Amino acid sequence: MRGPALCRWFLVSAVSVHLTLASAASVAPAVSDRGMVVTAQQLATQVGADVLAQGGNAVDAAVAVGYALAVVYPAAGNLGGGGFMTLHLADGRETFIDFREKAPLGATADMYLGPDGNVVKGRSTVGHLAVGVPGTVAGLEMALARFGTKPRAALMAPAIRFADRGFVLDEGDARMFQVVGDALKADPATAAIFAKGGAVPKAGDRLVQKDLAATLRRIAARGSDGFYRGPVAEALVASSTAGGGLIRHADLRGYTAQERKPVECDYRGYRIVSAPPPSSGGVVVCEILNVLEGYPLKDLGYRSAQSVHYQIEAMRHAYVDRNSYLGDPDFVTNPLERLLDKGYAAKVRDAIDPARAGVSKDIRPGVPPHEGTNTTHYSIADRFGNAVAVTYTLNEWFGAKVTAAGTGVLLNNEMDDFTAKRGVPNAYGLVQGDANAIAPGKRPLSSMSPTIVTRGGKPVMVLGTPGGSRIITTVVHTILNVVDYGMDIQEAVDAPRFHQQWLPDVTSVEPFALSPDTQRLLTEMGHNLGKPHEANHVAAILIGTPKLDAAASGPVRFYGANDPRRRSGLAKGP
């Protein structure tokens, strides 16, 4: 991060700062009175804004953006991955679409272990054996069929155009390729698209994806059948078989998205609506907020040592539950009633020492109160009262680094999100339990947290982020910044963050998030503070007024915030 972005980040994060200073630190949010679209790629944002301008609703725009990102944001936008969609509809209904990838029917619990019983490095992250059955197309098609208003072909036309004619990469686009570099060259089908001549694309290059355009045309003509059956399915299965993967026609024909009830909780008068299992996101966001609701965060002061201590401890306790109890609800019983209960949050607070950091190895299942990089997110709100939060993923950047030959479809490495072996961390350092063990047809546990905040039955905030295990805490930070600390949505997104996930027993801290004095106080309390992880990219919208406590004047307006950390993306109204 350089120049104005770094200055903005520094000013927001200075710990001695009062919120009046934070108010002067960030650029103003994007503003519109006709809706808002925020994505990690500017061309995709424009696609969504155009749909809203043409009278489409937020679901129409979400579908168009989802397909567009598969072309213009190939590191994480996808047809070969999966994800989640949280929806608030204009008639007051709230629902959730689960299009998470599934383990192939040939998968086994020990498929990533060697003869010695240990996890084989790279087997669950690179190559066709790491690929789960993709769900994105089924999810977008379900959303459009149930809640959209526009024809599929019209919504997919921009994505097809970008794939067929190409688009010029800007600096943020090119940076995605530079992050993975030579990894894209190992698979011939991937190299033919993204490493022509042995070099990855650079800013100013035009990226053309003819095979992907053909795949998109088949989906535009036949919907899900254009992907899960016919020539695309044949190519997916052939590629998987040749590469030692497990995906077969029965996996593709049998894949279905699921409409589920979202997780909901209340925080200081606001209703949080978020992702249920097989995502841990909504449960853990709510558990953290339930614990923190018992502390006077605003009175303690923004980024005071005491407030940060309570936030770290709430995160630590919530991640114990995430990693121990949660999994695909079609396979395991998730104790949601207990984990979301305010009384349980009180027990967690009772277990938190106000003066000492917890020791992660001593906080574990069976010990009271705990009984027995990559993804992309986009947020959309329309003038009709609909709001949609979508997080979908290939898991790591460019997924398993393999492409189904002849389709242009990059494939996920989502199988790494399962527990390959109890006690062994995955790519995000998460140490998980048996509830998330691999099984045929099972969906791996996720941290994705597409979230909508409502008040009085109307949406007031739409948000989410990529970032693996850090998604949850980033969403929590953004909510706290708006609700407790009175920031506008851009200030809330810009503010630097910290993250604790139980194991490893270290709290990662972004630059300028905590002053040296605060860090010293936290260290004296027993906290282990470490370096930051790769930056998230929050896409957030505030609906109504510039800040939650501002007096309404005139019509409802939409305020969009694009995270500056990755130097990509755009917030824009129609």
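The values are calculated or read from the model by the stated rules, or taken from the named source; none is laboratory data. The structure presented is a predicted model; accordingly, all values stated were derived computationally and were not measured. Note: ideal-geometry Cβ built from the backbone for every residue, glycine included; neighbour counts use all protein chains shown. Remember, those area values only see protein heavy atoms, side chains included, never the ligands or the DNA or RNA. Shrake-Rupley method; radii C 1.70, N 1.55, O 1.52, S 1.80 Å.
Remarks
- Computed extension length for Ala250-Glu171: 24.3 nm, one decimal, from 0.36 nm per residue of separation with the Cα-Cα distance subtracted.
- Whole-number accessible area per residue in Å² for the chain, which is evaluated in the context of all protein chains at 1.4 Å: 34
- Residues Lys572, Lys261, ordered by accessible area of protein heavy atoms at a 1.4 angstrom probe radius and largest first, appear as Lys261, Lys572.
- For Glu141, the accessible surface of its heavy atoms amounts to roughly 20 Å² (probe 1.4 Å, protein chains only, rounded to the nearest 10).
- With helices as the sole contributors, the chain gives -10000 deg cm²/dmol at 222 nm; each DSSP H run of n ≥ 4 counts as -39500 (n - 2.57), and the sum is divided by every residue.
- The alpha carbon gyration tensor of region 62-188 gives principal lengths a ≥ b ≥ c with a/c of 1.5 or higher and a/b no greater than b/c, which makes the shape oblate.
- Exceedance of the 23 Å cut-off in Cα-Cα distance is limited, within the set Lys210/Lys442; Lys102/Lys261; Lys342/Lys421; Lys347/Lys458, to Lys210/Lys442; Lys342/Lys421; Lys347/Lys458.
- Three-way shape label, region 131-218, alpha-carbon gyration tensor, a/c 1.5: prolate
- For the set Asp350, Asp382, Asp341, solvent exposure ranked by accessible area (probe 1.4 Å, protein chains only) runs largest to smallest as Asp350, Asp341, Asp382.
- The chain, Rg to Rh (Cα coordinates; Rh as Kirkwood inverse mean 1/r): 0.95
- DSSP-defined beta bridges in the chain - what % are antiparallel, rounded to 5: 95
- For the set Arg175, Arg383, solvent exposure ranked by accessible area (probe 1.4 Å, protein chains only) runs largest to smallest as Arg383, Arg175.
- Cα shape, region 287-394, gyration tensor, a/c 1.5 rule: oblate
- Segment Asp225-Asp110, extension gain: residue separation times 0.36 nm, minus the distance between their alpha carbons: 38.2 nm
- Per-peptide average of other Cβ atoms within 10 Å, ordering 34-41, 253-260 highest first: 34-41, 253-260
- The heavy atoms of Tyr73 offer some 10 square angstrom of accessible surface to a 1.4 angstrom probe.
- Relative contact order computed over region 161-227 (Cα-Cα under 8 Å; 6+ residues apart), in percent: 41
- For region 118-194 and region 462-519, distance of Cα centres in Å: 28
- In sequence order, region 151-156 has phi-based couplings of x, 4, 4, 5, 6, 8 Hz under the Karplus curve 6.51 cos²θ - 1.76 cosθ + 1.60, θ = phi - 60°, and Gly or Pro positions carry x.
- Rounded to the nearest 10 square angstrom, His533 shows an accessible area of 110 square angstrom against a 1.4 Å probe.
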